[in-house]
Amino acid sequence: MGRELEALEAQERIADEASDRLYEEAARACPAPSAALLAYSWRGEPLFRASGEGYRLNSEPYGALMQRSVSWRDMGASGDHYPEAPLIADLKRWEDGRRAACDANGCAAAMKELDRLALIGHALCVNIATTPATTPAGLRVKLQALRHCHRGEPGDGAEWISEVINNNPVCGRGFTTDERLVFSVFRDVGAVLTTGASA
């Protein structure tokens, strides 16, 4: 299973590089946002940031803009009768243009491939977590799977391991795949120390 995970990670790296390259190409092909969108900011943060030859949405102002439109509708504004409506319409045109550019150059397909590989990786890591490890090599595979699940998370060194162990979700006790792997490693190390391990 460790070799399967290594092969999967190699595929993910290739797909990730392709999706990044294709996204940048699509961003260059996509029409620029309207002047009103480029002028919009929230708490000093612009809605769009220049990225190479294109533009990227800035998530916090984007979320605030979307929330304001929902709030106006909740207060009874109908149709396009609220202050942000022209911005929302401009944003939809820009998003449609970006989506068309991503479809045309294969970026959307590359993103779907990344999603497909992520599902395979998740299933593989769940299988690793539920399969007892009886050798040091098996324990290494579990640690490899744990690292795979926690890629891109903040923190360095062993800080993230403590974060996983101490995780206590607000809405009840939920076990993520990386938590399951941590507990699985502890279970299997305990068994190996008790019974001894074959080489």
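The values are calculated or read from the model by the stated rules, or taken from the named source; none is laboratory data. Note that the structure is a prediction, hence the values are computed from the model and not measured. Virtual Cβ from ideal backbone geometry, glycine too; neighbours counted across all protein chains shown. Calculation scope for accessible area: heavy atoms of the full protein, side chains included, ligands and nucleic acids excluded. Shrake-Rupley method; radii C 1.70, N 1.55, O 1.52, S 1.80 Å.
Quick notes on this structure:
- In region 16-31, the residues that are open to solvent by less than 80 Å² (accessible area, probe 1.4 Å) and free of Cβ contacts under 8 Å to residues at least 40 places away in the same chain: Glu24
- Residues in region 73-80 include at least one that is open to solvent by 60 Å² or more (accessible area, probe 1.4 Å) and either under 25 Å from the mean Cα position of the chain (by Cα) or among the hydrophobic types (A, V, I, L, M, F, W, C) (or both).
- Screening Arg140 against (1) within 30 Å of Glu6 (Cα to Cα); (2) open to solvent by less than 90 Å² (accessible area, probe 1.4 Å); (3) among the basic types (Lys, Arg) leaves a single unmet condition, (2).
- Checked against the criterion of being closer than 19 Å to Ala100 by Cβ and part of a loop (DSSP other than H, G, I, E, B), region 19-28 contains not a single residue that satisfies it.
- Residues (of a type in the set (Asp, Glu) and either touching a Lys or Arg at 6+ places or on another chain (Cβ under 7 Å) or open to solvent by 70 Å² or more (accessible area, probe 1.4 Å) (or both)) located in region 4-15: Glu4, Glu6
- The one condition from (1) more than 21 Å from Phe48 (Cα to Cα); (2) touching a Lys or Arg at 6+ places or on another chain (Cβ under 9 Å); (3) open to solvent by less than 70 Å² (accessible area, probe 1.4 Å) that Glu84 does not meet is (1).
- Count of residues meeting criterion [under 28 Å from Ile14 (Cβ atoms), open to solvent by 90 Å² or more (accessible area, probe 1.4 Å) and among the basic types (Lys, Arg)] in region 87-111: 1
- Annotation: His148 fulfils all but one of (1) open to solvent by less than 40 Å² (accessible area, probe 1.4 Å); (2) at pLDDT 85 or above; the unmet one is (2).
- Residue within region 112-128 that is among the β-branched types (Val, Ile, Thr) and under 19 Å from Ile14 (Cα atoms) present: yes
- Failed item in (1) touching a residue at least 40 places away in the same chain (Cβ under 8 Å); (2) open to solvent by 20 Å² or more (accessible area, probe 1.4 Å), with Gly44 passing the rest: (1)
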